[in-house]
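Heads up: the structure comes next, in structure tokens.
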Amino acid sequence: MADEQGSINIFGDLHPYNKLFDVITKLPEKGMAEAEVLRQITYMSQEENKKWQGGQCSGTMYHGGMEHYAFLNKVFSLYSFVNLLQRDLCPSGTKFESEVLAMVGKMLHGEEVGKVNPADQEAGAITSGGSESIYNAMFVYREWGRAVKGIEAPEVVAPMTIHPAHVKAAHYLGMKVVRVPVNADFEADVEAMRARITPNTVALLSSAGTYPHGVVDPVSKLSDLALEYKIGLHVDGCLGGFVLPWIEKLGYPVPVFDFRLPGVTSISCDTHKYGYSLKGTSTINFRSKDLRRYMFFAQEDWPGGLYTAPTVQGSRSAGLSAAMWAAMVTMGEAGYLQAARAIMETSEKIRAGIAGIPELRIMGKSTFLISITSDVVNPYFVNDYIYSKGWRMNGCQDPLGFHFCITLPQTMPGIAESFVRDLADGVTFAKDPPYDTPKTGYLYGFGGSTEGREMLRQGMKGYVEAWYEYE
Ligand SMILES: *Cc1c(COP(=O)(O)O)cnc(C)c1O
């Protein structure tokens with residue numbers, strides 16, 4: 001895609017190291033020396049750490065403390081080679097996972113479910129990440145719908161803002177996602193969702209908070225709706241599940257979204273985001289053991305023996321679960337509260353700064369994630385400018401904008417102030433940009449038509465294809 005400045009690669013350079021190191025396209029005849037491997041890897045990781053360690057990168061690096069990571073890596077190293085599927089070899093893994101689930105269950109008020117129905121007991125599982133937690137939940141609703149309601153063509157009703165992992169899961173599982181426009185605050189429109197419920201609806205979906213805007217859907221009203229229609233209600237807490245409970249405890253207004261609501265039947269919650277663990281773990285929590293049962297797989301007639309697995313994954317590293325447990329017990333409630341306080345103080349500073357820039361508008365009731373748009377200038381030009389100053393935001397559409405998911409690296413002194421300064425300069429830039437099409441806004445106007453959308457999808461798949469090429 002070209003602009004007046006000449007040709008630019010919209011996805012960036014996928015192969016910046018090709019000129020520095022040999023491109024390896026077949027197994028080396030003789031193994032490379034470990035020292036050489038470490039030299040190359042150390043160089044690459046240091047280069048890449050520079051991109052976020054200054055505190056300018058939205059989301060993705062939730063903790064950012066290299067000492068914290070070094071500690072988790074030490075824990076990981078003791079178990080990196082252990083397979084959690086072979087439980088007899090690692091009863092420690094059973095301890096780590098059951099204790100993590102107990103801690104997460106308490107954080108989400110799992111003890112409340114028994115007060116509604118004494119037969120229910122909150123129960124969860126560890127997965128490889130938010131997408132797998134969501135996949136497992138969607139699978140449970142499909143199976144529950146078939147078993148209890150005889151539904152053969154399962155549908156879920158979701159706000160437009162629901163994370164693509166749900167749409168992807170439905171794609172794999174042969175389910176239909178009915179996506180409903182959100183209200184002016186970017187929250188689920190409960191009555192519009194009600195109107196889309198059919199006899200094939202197995203569950204409603206919601207988020208706490210949403211990825212585009214960080215808002216909490218009106219889960220309490222959706223809970224009533226789910227109870228009325230006797231269907232499931234999933235809360236995607238992948239992003240907010242590990243930070244909103246602490247924000248609430250600090251006294252900030254946070255709508256209730258967890259098992260305190262009687263209609264909430266599952267919650268996904270990412271330990272590898274605000275849980276501050278290593279990448280590769282998440283939790284999925286159900287209202288009852290009966291619901292969780294639908295997720296389990298067991299095959300008794302295989303020549304290889306009896307096979308059973310709780311989630312999609314088969315073999316997986318006990319190291320990740322050990323590190324997840326270690327992250328949680330070392331953080332403790334005090335650590336999570338302190339982190340949430342620092343994140344909220346930074347967010348408040350940024351919000352106050354944005355309030356002083358009349359051309360910008362924050363979308364929805366934000367807490368730890370600030371989504372920015374403008375009714376005056378094209379926000380993608382603002383993003384172009386701040387991108388040139390080293391900031392890495394996440395682009396949003398419908399309406400155009402970008403979001404800043406505040407994590408611990410942003411709580412360093414001066415980050416909020418310099419972000420606000422660059423934003424203000426970005427608005428000045430966007431009022432009279434030196435080129436026509438924003439570089440960070442290549443979606444602008446292009447995805448509006450059916451052909452445009454199909455072209456985009458093909459282009460996106462081509463981009464993923466390029467991940468697996470070596471030059
Ligand atoms: C990150 C995220 C997911 C998906 O989780 P992965 O860990 O990326 O698989 C789902 N929902 C929300 C709101 C998220 O932020």
Study note, to complete from the structure: Averaged per residue, the 1.4 Å probe accessible area of the stretch 358-428, protein heavy atoms only, in Å², is roughly 37 Å²
Check your understanding: Among residues other than Ile372 whose Cβ falls under 11 Å from its Cβ, what is the net charge (Lys/Arg +1, Asp/Glu -1)?
Key -> +1
Exercise for review: Restrict the search to the stretch 68-123; then list the chymotrypsin sites (Phe, Trp or Tyr not before Pro) that DSSP places in a loop and that have at most 14 other Cβ atoms within 10 Å of their Cβ.
Suggested key: Phe81
Practice item. Would you check the accessible area of Val376, probe 1.4 Å, heavy atoms only, in square angstrom rounded to 10? Key: 100 Å²
Exercise for review: Could you calculate, for the stretch 243-362, the ratio of the Cα radius of gyration to the Kirkwood radius, expressed as Rg to Rh?
Suggested key: 1.11
Point to revise | Relative contact order (%) - the chain, alpha-carbon pairs under 8 angstrom, separation at least six | key: 20 percent
Exercise for review: Quick one: what are the phi-derived ³J(HN,Hα) couplings along the stretch 116-125, Karplus 6.51/-1.76/1.60 with θ = phi - 60°, whole Hz, x for glycine and proline?
Suggested key: 7, 9, x, 7, 8, 9, 4, 8, x, 8
Review point. Using +1 on the beta carbon of Lys and Arg, -1 on that of Asp and Glu, and nothing else charged, what's the dipole of the stretch 215-287 about the Cα centre, debye to 20?
Key: 160 debye
Point to revise | Spatial separation of Cα centroids for the stretch 296-339 and the stretch 158-233, in angstrom | key: 28 Å
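Which of the chymotrypsin sites (Phe, Trp or Tyr not before Pro) found in the stretch 374-471 are loop residues per DSSP with 11 or fewer other Cβ atoms within 10 Å of their Cβ?
Taking the stretch 374-471 and a limit of 11 other Cβ atoms within 10 Å, the loop chymotrypsin sites (Phe, Trp or Tyr not before Pro) found are Tyr435, Tyr468, Tyr470.
Quick check for you: with a 1.4 Å probe and neighbouring chains kept, what is the accessible area per residue of the stretch 92-326, in Å²?
That works out to 39 Å² for each residue.
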Study note, to complete from the structure: Lys and Arg at +1, Asp and Glu at -1: neighbours of Met193 with Cβ under 14 Å from its Cβ sum to -3
Exercise for review: Within the chain, what's the longest run with no trypsin sites (Lys or Arg not before Pro) in a DSSP loop and at most 10 other beta-carbon atoms within 10 Å? Give the range, please.
Suggested key: 231-471
Check your understanding: Of the heavy-atom accessible surface of the chain (probe 1.4 angstrom), what whole percent is carbon and sulfur?
Key -> 56 percent
Revision key, fill the gap. Here the net charge surrounding Pro154, from other residues whose Cβ is less than 15 Å away from its Cβ (Lys, Arg +1; Asp, Glu -1), is +3
Review point. Under a 5 Å amide H to amide H cut-off, with H placed in plane at 1.01 Å, what residues pair with Lys176 once short-range neighbours are removed?
Key: Glu155, Val156
Revision key, fill the gap. Scalar couplings 3J(HN,Hα) for the stretch 306-311 by Karplus 6.51 cos²θ - 1.76 cosθ + 1.60 (θ = phi - 60°), nearest whole Hz, x for Gly and Pro, are 6, 10, 9, 8, x, 10
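Tell me whether the stretch 92-326 comes out rounded, prolate or oblate; compute the Cα gyration tensor, take square roots of the eigenvalues as a ≥ b ≥ c, and use a/c under 1.5 as the rounded threshold. Intermediate values should be presented prior to the final figure.
Values: a/c = 1.59, a/b = 1.16, b/c = 1.37.
Oblate shape, in that a/c is at least 1.5 and b/c is the bigger or equal ratio.
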Study note, to complete from the structure: For the stretch 264-279, in residue order, the Karplus 3J(HN,Hα) values (coefficients 6.51, -1.76, 1.60; θ = phi - 60°; whole Hz; Gly and Pro = x) are 6, 10, 7, 9, 9, 8, 9, 4, 8, 10, 6, x, 6, 9, 6, 5
Review point. In deg cm²/dmol and to the nearest 500, what is the mean residue ellipticity at 222 nm of the chain if only DSSP H runs of at least 4 residues count, each as -39500 (n - 2.57), divided by the residue total?
Key: -13500 deg cm²/dmol
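The values are calculated or read from the model by the stated rules, or taken from the named source; none is laboratory data. These figures come from a predicted structure and were not determined experimentally. Cβ atoms come from the backbone with ideal geometry, glycine included; neighbour counts cover every protein chain shown. The area values use the complete protein model at the heavy-atom level, side chains included, leaving out ligands, DNA and RNA. Shrake-Rupley method; radii C 1.70, N 1.55, O 1.52, S 1.80 Å.
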